Amino acid sequence: MKLFDLHCDTLYEALDKKGSIIDNDYHLSVLRGNKYENWAQCFAVWIPDECRGELAFSLFKRAKEKFDEELHKNPNLIMQSTNANEINLACQNHKCAAILTVEGGAVLAGDIKNLDYLKECGVKMITLTWNGNCEIGGGSLAKEPNGITEFGKNVVKKMEELSIAVDVSHASDNLFYDVASILNSPIVASHSNSRSVCNHRRNLTDEQFNVIKSRKGIVGLNFSKGFLKSREEATAYDILRHADYFLSLGGEKTVCMGTDFDGTDIPDDMHGIESMQSLYELFLKHNYSETLVEDIFFNNAFNFFCRLG
């Protein structure tokens, strides 16, 4: 089985707990993930809403130091990957292809020059907001969710120039449509489900999904219980329900995995990265073709990063 996961918070978890992304009892560890034939993993640096200004920028620096330390100590297990060739090289050598991302545009501390630094660090994707508002625009759970700011307009345009993917997971509806009106390049929702299946503001409307699809963007299925099912306890089958719905909208080349491991509560019948094999088999048992399942679990995300450059 091949796996490409667009979002996990394991790096932040390891930084916060003084642990390791390599070997741990979290949702995800490199040792457990490397059992898969090919594995590309986006490691997000989460910027909490209470973290702003220089505090946010310094948090990223600390996380990057942690990331570099882990890679330096374990070159036989993990390799930072910033393009398709490096992802392929890591996979061919049975290593985790580690892609560095950021969850929260507050990381820039309101200074667009910091984007150049993130680019130098190999950051390939930035989630524009977390739940609240930041210098870029409004988060989906803010009391008064804004659209994009003037600073935000400049940021997303420069991200496009630097080939850093613009991620609208956590964005307010206002921010989503502002971004869509500005960008020419594809849009990502790295860890977002369907609002039609589970009516939560963090999920995508049909129209938003279709905007992403029409731009040749991608959407990662989020394993968070609260975004999978409104009332009853969510299970792995509910991930399949959201996939089914997105596919009914023509999302065969759009739907990906965006687990949110170590950033949320996942279904009780899943344990983390080792559960991806059984989820893969669940999709096959649901009469998905093997080609379609491979696209959802790996190829769609990989092809997006090939186009991103």
Problem - Of all residues in the range 75-105 being open to solvent by 10 Å² or more (accessible area, probe 1.4 Å) and in a strand (DSSP E or B), the one that is nearest to SER169 (Cα to Cα) - result: GLN80
Handout entry: Filter result for PHE227 (assigned to a helix (DSSP H, G or I), closer than 22 Å to ALA142 by Cα, hydrophobic (A, V, I, L, M, F, W, C) and in contact with a Lys or Arg (Cβ under 6 Å, 6 or more places away or on another chain))
Key = yes
Exercise for the section: Write out, first by first residue and then by second, each pair whose Cβ atoms fall under 9 Å of each other, whose residues are 6+ apart or on separate chains, and whose first residue, in the range 286-309, is closer than 13 Å to ALA84 by Cα while the second is aromatic (Phe, Trp, Tyr). Expected result: PHE298/PHE4; PHE298/TRP39; ASN299/PHE4; ASN300/PHE4; ALA301/PHE4; PHE302/PHE4; PHE305/PHE4
Exercise for the section: May I ask you to list pairs of residues, at least six apart or on different chains, whose Cβ atoms are under 7 Å apart, with the first in the range 258-285 being touching a residue at least 24 places away in the same chain (Cβ under 8 Å) and under 13 Å from LEU228 (Cβ atoms) and the second being open to solvent by less than 10 Å² (accessible area, probe 1.4 Å) and among the β-branched types (Val, Ile, Thr)? Expected result: LEU279/ILE239
Practice task
Kindly indicate whether any position in the range 26-35 is under 27 Å from PHE283 (Cβ atoms), open to solvent by 40 Å² or more (accessible area, probe 1.4 Å) and assigned to a helix (DSSP H, G or I).
Solution key: yes
Practice task
Can you run down the residue pairs with Cβ atoms below 7 Å, 6 or more apart or on separate chains, where the first is in the range 233-250 and touching a residue at least 40 places away in the same chain (Cβ under 8 Å) and closer than 15 Å to TYR288 by Cβ and the partner is crowded, with 16+ Cβ neighbours inside 10 Å and of a type in the set (Gly, Ala, Ser)?
Solution key: HIS242/SER194; TYR245/SER194; TYR245/SER196; PHE246/SER194
Completion exercise
Within the range 53-65, residues being basic (Lys, Arg) and surrounded by 18 or more Cβ atoms within 10 Å (Cβ to Cβ) number 1
Fill in the blank from the handout: Looking across the range 289-309 at residues that are of a type in the set (Phe, Trp, Tyr) and either under 15 Å from MET1 (Cα atoms) or touching a helix residue (DSSP H, G or I) at 6+ places or on another chain (Cβ under 8 Å) (or both), the single one that is surrounded by the fewest Cβ atoms within 10 Å (Cβ to Cβ) is PHE302
Practice task
Read through the list (1) free of Cβ contacts under 8 Å to residues at least 40 places away in the same chain; (2) touching a helix residue (DSSP H, G or I) at 6+ places or on another chain (Cβ under 7 Å); (3) not in a loop (DSSP other than H, G, I, E, B), then give the number of the only condition that ASP23 fails.
Solution key: (3)
Completion exercise
Subset of the range 38-74, residues small (Gly, Ala, Ser), closer than 25 Å to LEU308 by Cβ and outside any helix (DSSP H, G or I), comes to ALA40, ALA44
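The values are calculated or read from the model by the stated rules, or taken from the named source; none is laboratory data. Because the structure is predicted, anything quoted here is derived from the model rather than measured. When we count neighbours, we look across all protein chains shown, and the Cβ atoms used for this are built from the backbone with ideal geometry, even at glycine. All accessible areas refer to the heavy atoms of the entire protein, side chains included, with ligands and DNA or RNA removed. Shrake-Rupley method; radii C 1.70, N 1.55, O 1.52, S 1.80 Å.
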